[in-house]
Structure formats: structure tokens, C-alpha cells
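Contents: one structure, followed by commentary.
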Amino acid sequence: MDSLLQQLERFSEVLAVSRTTHVSTWDAATVRRALQWARYLRHVHRRFGRHARIRKALERRLQNQWKQEGGSGPAPALGLTNFQALGHCDLLLSLRLLANRALGDAAFHYLLQELFPGPGVPGAEEGTLQGSLALLARRRAAVHMLRSSAYRENPVLQEDSLMKTQAELLLERLQEVGEAHAEGPGRFLSRLWEHLPHNNFLKVTAAALLLPPSSPRHQEEESELGNPRRAGERGRELLHWLLGKSEVIVAFCRNLPAGLLTSVAGRHPEVSRVYLGLLTDWGRHLHYDLQKGIWIGTESQDVPWEELYGRFQSLCQAPPPLKDEVLTTLKSCKAQDGDFEVPGLSIWTDLLLALESGA
Amino acid sequence: MAQDSVGLSSDYQFWIQKLSVWKQASTLETQQDTCLYLPQFQEFLRQMYEALKEMDSNTVIERFPTIGQLLAKACRNPFILAYDESQKILIWCLCCLINKDPQNSGESQLNSWTRGLLSHILAAFRSDIKEVDLFTQGLGYAPADYYPGLLKNMVLSLVSELRENHLNGFNTQSRMAPERVRSLSRVCVPLVTLPDFEPLVEALLTYHGQEPQEVLWPEFFGAVNEAFLLKKICLPVSAVLCLWLRHLPSLEKAVLHLFEKLVSSERNCLRRIECFMKDSLLPEAACHPAIFRVVDEMFRYALLETEGAPEVLAAMQVFTRCFVEALEKENQQPKFALKTYFPYASPSLVMVLLQRPKDIPQGLWHRPLKRISEMLKEIVEDETQGSSGGPFENWFLLAHFGGWADIAAEQLLTSVGDAEPPEALLWLLAFSSSPGDGPQQRAQTMVEVKAVLSHLGRLLRSPTLSAGNLLAAAEESREGDPRPPACQQLTRRLLLNFLLWAPGGRAMARDVITLMARTDEIMHEIVGFLDQTLYRWDHLGVDAPGSRKLARELLAELRGQA
């Protein structure tokens, strides 16, 4: 067992190195050994995939890397990231080497001979590296063709396939990180927030929070291992982190489209509370301009009336209890302001009036 | 080899030109044209590879100076990369360009360029979804990890959009625009054999838009049909049914493909034919009358062309049997009246023919036989009736359910020597073996058959029963003139039945057959008879262990000899 774990770690290092310029020192023999190693570990994956104890041990060793704090750059792991990756580690290694310009000509030539032996025994293709690489190329072409011809972004963001895929990946990774270390997910997410474009990240977060409880793939794995992972757990760490970071939740509520936020708020009451709090806060920043007859803000980052109204309108179209909660909040704010019926005195009055007439 | 390379050079020029026109296949015309040539281009690539792999990198450049251009252009065309094995063969060709040990900057540059192109194939179209790439990298995933999942999600999303159209019949907003559906069908052409695309192909096939004309691209149907016939894609019957209903050429190809298989595979094995038949999904699809009519028409044509070849007849009978089985599987009321399947036949005749002998006790089989015979006689010999088709049409109808004629022959033989053979059965046999005869000739045939039967009956009780006698009884006509060939076939059949059923006959079986089988054709006929008989007995559950054993043994022996 120990030797297996050691080999796992060492191969992980090799995999990490395969992406760097260090490969310029590799010759054909090195490439051969690396590929053999990968093949061996793939065999290990196949053999011990259903063996809960061994699999657990291997997973744990791989998860260790997530425990490391700090680390520069958004991609902490260059090596093997999880047990699943073992299943196609030879593919990962091959792709990295193929793309690495630092690999010498002789070594590269050898690599090609190994990976693409040419037309051989038909039917045996599926299991081979040659087959997998060709399939990958084919699938990428397929994605491209779909995107450029018939595909269009789903207006319901959480059902858009690109969003869904990213969301699924995020939750999967969070689960692994979480198993390695309790504090893991939070730190991991913070690191992502620092390094990735915020807009996409926020959308993916929203989509992740709206994913159905448990994807079929996970269910399959769960039943295989006899390891009940509670369905609701998946988004919990994400939610926890989101609500804990004021900078993020504010950006979340401010920048995402109203409809999307309504869906998230409807699904997660904790979010609806924070969201409503922020909305009321933003509302209080506006004052009534008597001359123009509209509510305006003083600073550039103030949320304009139209947007505020739009968000409230979307919330009021949600099913109860969210809808009721929103109306209750608005009414109580209105009452706090003096319960005026006349427009222009309290923004809450005006909002309620506008919502009633608009609805 | 020299000739090959000359052919290759001229093809080369043709393809370089084509690729230059196609570029990235971003317009409708270039996409359509690319799709038409995908199989041929792949074949060309294979030939190129065979030529290139014998050369080293420098020789390649000498021989094909513009090879780089050709390969680069091919790599930029997503339709080519998406098709079948083309991406793999392109990679092989590129591998031939790599120099293990470049001696000068030129060779180094070539290496560098080739590596770039290889990278492009395997890591292509990156810029397309930059945010996704960044995000997944941040998570520590490689494209190899998530591309299968992404493709699956995209396909599912498109499938649900297509199916939504069914539910939102008149809701124009959520309906997928016809142009998008068409474009989607175009994109699918190179990808029908990719397993991830199966749900999408199925959804497209079963998609019914609001437009009166066909919205899917015709080449799409062709590509799906090809893939289906070569078993490169798995589709449910409902999808295949839609394919064949919407695209007649595909249906015709499917039937021809079946015919080819039947001809090339082991003939005279009905069990295997039944397997092929069911596998092809044609009997199930034929529950839809439009499809049945087309298939039937092709059988009719084949029969006419081959002048009633027994193999075609047998195949048609198996098809009909499978078809009837499929019809009965649709538990509820049959959706279409029988008349839609057999529009030229008398409905009551069809009803009787469709009866399953299995459902009737063996002792009562003579009743439906008599009915069939009488009805046919009335239709065929009554010249004033023109509506139910001539003799050929009715014979063709009867041929679908050939089992009845076989049963008639059997019935005559099992009761040989007892009573007078029923006229109805004699008529049926005579008609089925030569439908073209006039009433007089037929009556003559019936008399001949009667004579043979009574002769056989006498021999049965005679002590001088021998193989030679039996053969003589069957082959000699009353007047000593040679009988017409169809009649000879008929008497041979009667004799064979006799050998299987009459206890005295069984003992002589081998000897008689040896004497009978004077030509290959006759041997063939005997093997066919035995195979068909066993097949029929299996289906009807006929209990005749002695006859069955004999038939099986004979069949094995004769097949071994052939």
C-alpha cells in the first residue's frame, strides 16, 4: 500500500513537471518510462476502483495537495487532482507532453510513435490512447460546430449548458477539497475569487446554487462505494462562503440579472434575507428630486430607481413564500417611514404603488 | 506503386483546390459541399498516409511540397475533424512530417510548425470559450476532464429544446426556428457515429415542425441511414421509422442492403434469414402501411426479375411472418385496416390467409385450406371479376403466406392411401406451383398429382417397396411424356413429404434422395425443402418426433456434402 501511495505521489510530480520547461532534459527513454508509469496507474485505477479501502487511501493522498495554504496563482494543482483523474492519467500526460514546446525533437518523435502507432487492430481502438486522443479531438470539433451553428445561450442562465458544466465542476472540486480539510473550500473559493474574472465566477456560483440536488453521476458513485453523501451538502460550503464574504455577496446581488437572483433567493432563504437587506439598504440611499419627480442617488455607485424596481418586480413574480416575504418587507419599511400613501415621500410607498400598477 | 502515386498526385490537386474553397466551412454552401465529400476525402487521406509512412520527413517534402498547406487547411475545417476517423488519419500524416533529428533551421522550423498543428487538432478552438477555459483551469481541470460532460450537457439542452416544440404547439416564442433545426441537422452529418450525439439524432428524426415541407437536410437522413445499416449507431424503432417515412431513398437502401445480405450469406437457412430480417427492423417498421407497400413492391420486383427464385420467395415469407408477428405485438386495435396493406386483394381472402395455423387444431387445418382454395379459385377462374387482380397478383398474395401451400402438400401426403385427396387441396397446390396455367392445364396437373398420390399409396402397401419404385412413381407421368418443370417440382415435393411422413418412406429416404438429386439445382431444392419444413414445424409446434429427427439428420448430411 505504502509503495503504491509513493508511486502515486511521484507520478503526480511527473505530471506536474510535464507541463514545465524541465522536459527539455527528457529523452525518449524518459518519455517511455513516464508513459509506462501512467499506464500502470491507470491499471491501478481500474483494479481498485471498487475497492473502497484502497480507493479511499489513494484519494486521501491526492487530496493532501488541497490542504496547502497560500500558493501563488489560481491553479494550485499541476499534478493529479483526484481519483477520477487517475482513470485517464495517461491521456493527461500525453496531452501535456504533446503541447509542451520544450520537449526535444527526438523525445517528441518517440512520443508520437508511442501514441499514434497507426492503423492496427480495429475494434481494439476504444481502449487505446490513440482512440481516446482521436475521440477528444472529435468531441472538441463537435462542441465547436454546435456552438457556431445551432447553439445559442439559454436565456435561463442556470440551464445554459456551459454554465451548468462549470457549476458541476465547481461543486465536484469543492466536495473533494472539503473532504481533505474542513477549512479547505472557503480558502479555495477565496483564492478563486482573487484570480478569476468576477462576472463569470458569480454566474457559475449562482448556477451551482441552482443545480438539482444530486447529479446522476454522483448517485452512481455513491451507490458503488456505499458512501452516502448527502445531496444537500454539495452547495452548502459554497453558500456558506458566499454569505460570509461581504464583498462577494454584494457583487453577487448587484451584478447578476434580476431573474437569476430571484431563483437563487427562492431556493435559499439565507440568500433572500441578505438580498432583501441589501435592496432596502440601496433604496435608502436614494432621495426624491422634486423638480424631476424621480428618485435619484447622489453617488455614482448608487443603484438607480429602474434597477431597484426591476429587482423588486422580479421578486414579486416569484412563488410564495418569497413573494410574501418581499411584500412584507416593503410594507414594514413603508410603515417605518410613516406609512404615507402619497408618492414622493417614501421610496417604499412609491415602489409598492409602482408594483401594484405594473402587476 | 508507381500507378498509385500518379493517381494520388492528380487527386492531390483536386483536394487542395477543394480545401481552399471550403476554408473553415462557415457558409451554407461550403458546409453542404464538405459534407458531400467527407467519405472520399477520408479515403484520400488514408491513401496519402500509406504513401507518406514509407518516406522520411525530407522525402515527404520533396515529393509533396505543398503537403503542409493541404494538412493545415484540412485541420481548419471542423467538419473534417468531426467526421469518423479523419482526425486520426490527419494526425498520422502529420506524424510523418516530424523529423527525429533536424539538421538545419529549415527542418527545425518544419518540426515546430507541425507540432503547432498537432496541438491545434488536439487543443483546437480554445479561444471559443475563453471564460470556461480560465475557470476550469482555475479549478485544476483539463479539457480532457470536462469535454465529455460539456458535450453531454449541450446535447441534452438541444434535445429538450427540440422536444419542447411538441408540447408548445402554438407557442411561437419557444419554438426552435426552422433554420436552426436545419442547421443542426447539417452539423450532425459528420457526427452521426459519435455516441454522444445519439440522443440528438433521435430527437431530430422524431422532430415535427409546423412547416409543411421537410426542414431537415436530406444528407442528414442519408448519413443516419448509412450509419444505421453499418451498425455504427443505435436507434430505437420509432426513430428509424421516422427516418424511413421522411426519406424514401433511405428505406429503399435499407431493403437493398437486406437483399444483399440475404444473397451473400448462407442461403437455405431460414432461421438465419429471420435473424437478419428482425435485425434490420424492417418488419417492425412495415407495420406502417406506407413502408410495407414500398418493401412489398421491392419484393415483387425481385420476384419478377428472378422469375420466382425460391430464395426470394422464402425471404418474402419470412418477412411476412415477422411482419405479422410485429403487427400482433401492438396489443391494442390495429391502427390501419388490412386493406391499406393489401389494397389489391380481396379483404376476406386476406383475413383467411392471415389466420395463424398455430391457433387452429391440426386436425382442422383442412378447413381454412379449403376456404383459401375456394376463394382463390373463384377469383382466378371467374373471368368477369377484374377487381381483385389477375392470377399473378393473387399468386403473389398467396406467396406471402407460403406456409399454407406447404401445409396443403403435407395434408395430402399424411392421408395418402386413405380417402380420395380433396380437390380443393389439389387445386391449391397446382395454382401455387403454376399460377399462369389456364383452367384446362391446371385440371390436367391435378389429375397427374392425383395419380402420383394413388401410386404412392399403392406402393406403401406393396411388398415391392423400394427406392427405385418410389422414384419412378413420382417421376413417370401417366402418358410417359415429360412433365412441365413446375409440375416436376411439385411431384418432387410430394415425394419428399412422403419420405418424411410415411413410415415405409422413411426407411428409403436416403436412397431415394440420392437417386433424385441428379443436378446441383435439385440438391439445392431438396436442402431448401428440408430447411423450410423444419422451420415451419418449429414455428407451428408440430409434434412429429420421427419425421423431425429424420429431416434434421438429412439436412445435416446434405449440407455437409455441399
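The values are calculated or read from the model by the stated rules, or taken from the named source; none is laboratory data. Only a predicted model underlies this, so the values are computations on that prediction, with no experimental measurement involved. Cβ coordinates were reconstructed from backbone atoms using ideal geometry, including for glycine residues, and neighbour counts include every protein chain displayed. Just so you know, the surface numbers come from the protein's heavy atoms only, side chains and all, with ligands and any DNA or RNA stripped out. Shrake-Rupley method; radii C 1.70, N 1.55, O 1.52, S 1.80 Å.
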Chain pair A, B: total accessible area buried, heavy atoms, 1.4 Å probe, Å²: 6000
Cut-off under 5 Å, modelled amide H: who pairs with A:I294 long-range: A:D289
Ellipticity estimate at 222 nm from DSSP helix runs (n ≥ 4, -39,500 (n - 2.57)) divided over chain B, nearest 500: -23000 deg cm²/dmol
Neighbourhood net charge (13 Å Cβ-Cβ; Lys/Arg +1, Asp/Glu -1) for B:F431: -4
Accessible-area composition of the protein assembly as shown, carbon plus sulfur, in percent [1.4 Å probe]: 53
Per-residue SASA entry for B:K339, accessible area with 1.4 Å probe, Å² rounded to 10: 110
P(r) histogram, all alpha-carbon pairs of the stretch B:1-114 included - 10 Å bins from 0, percent: 14, 46, 31, 9, 1
Per residue value of the accessible surface for the protein assembly as shown (all protein chains in place, 1.4 Å probe), Å²: 46
Gap separating the Cα centres of the stretch B:395-416 and the stretch A:171-188, nearest whole Å: 77
The stretch A:260-358: radius of gyration over Cα atoms, expressed as a fraction of 2.2 N^0.38 Å: 1.04
Where the Cα pairs of the stretch B:299-347 fall when distances are cut into 5 Å bins, in %: 5, 18, 18, 23, 19, 10, 5, 1
Whole-angstrom Cα spans of chain A along principal axes, big to small: 84, 43, 38
Highest-MSF residue in chain A out of A:R173, A:R60, A:R101 [GNM, Cα springs under 10 Å]: A:R101
Global size of the stretch B:268-356 as Cα Rg and Dmax, reported in angstrom: 13.1, 39
GNM top mover of A:Q313, A:Q301, A:Q336 - chain A, alpha-carbon springs below 10 Å: A:Q301
Unsatisfied cross-links (Cα-Cα over 26 Å) in the set B:K377/B:K549; A:K164/A:K245; B:K339/B:K370: B:K377/B:K549
Mean-position separation - Cα centroids, the stretch A:296-344 and the stretch B:59-90, in angstrom: 62
Alpha-carbon Rg with Dmax, taken over the stretch A:1-116, Å: 14.6, 43
The stretch B:484-500 residues near the modelled B:E521 label - backbone nitrogen below 11 Å, point 7 Å along Cα→Cβ: B:485-486, B:489
Entries of B:K261/B:K329; B:K23/B:K88; B:K53/B:K88 with Cα pairs more than 23 Å apart: B:K261/B:K329
Percent of alpha-carbon pairs separated by more than 22 Å within the stretch B:471-544: 25
Net charge over other residues, Cβ less than 11 angstrom from the Cβ of A:Y275 (K, R count +1; D, E count -1): 0
Neighbour-limited loop hits for GluC sites (Glu not before Pro), the stretch B:268-324 (at most 10 other Cβ within 10 Å; DSSP other than H, G, I, E, B): B:E307
Full-extension gain in nm, A:T25 to A:A182, via 0.36 nm per residue minus C-alpha separation: 52.5 nm
Diffusion constant of chain B at 37 °C, which comes from Stokes-Einstein with the Kirkwood Cα-pair radius and 0.692 mPa s, µm²/s: 114
Hydrodynamic radius (Kirkwood) for the protein assembly as shown, which is based on Cα pairs only, to one decimal in Å: 34.5
Accessible area of B:R518 in the full protein assembly, 1.4 Å probe (Å², nearest 10): 150
Exposed-loop-free span, longest in chain A, where GluC sites (Glu not before Pro) count as exposed if DSSP calls them loop and at most 12 other C-beta atoms lie within 10 Å: A:184-298
Within 10 Å of each Cβ in A:164-172, the average number of Cβ atoms from other chains: 6
D_trans [Stokes-Einstein, Kirkwood Rh over alpha-carbon pairs] for the stretch A:95-206, 20 °C, 1.002 mPa s, µm² s⁻¹: 119
Where chymotrypsin sites (Phe, Trp or Tyr not before Pro) fall in DSSP loop in the stretch B:265-313, at most 11 other Cβ within 10 Å: none
Shielding by partners - mean other protein chain Cβ count within 10 Å, residues of A:91-98: 3
Length released on extending from B:Q109 to B:E328, taking residue separation times 0.36 nm less the Cα-Cα span: 71.9 nm
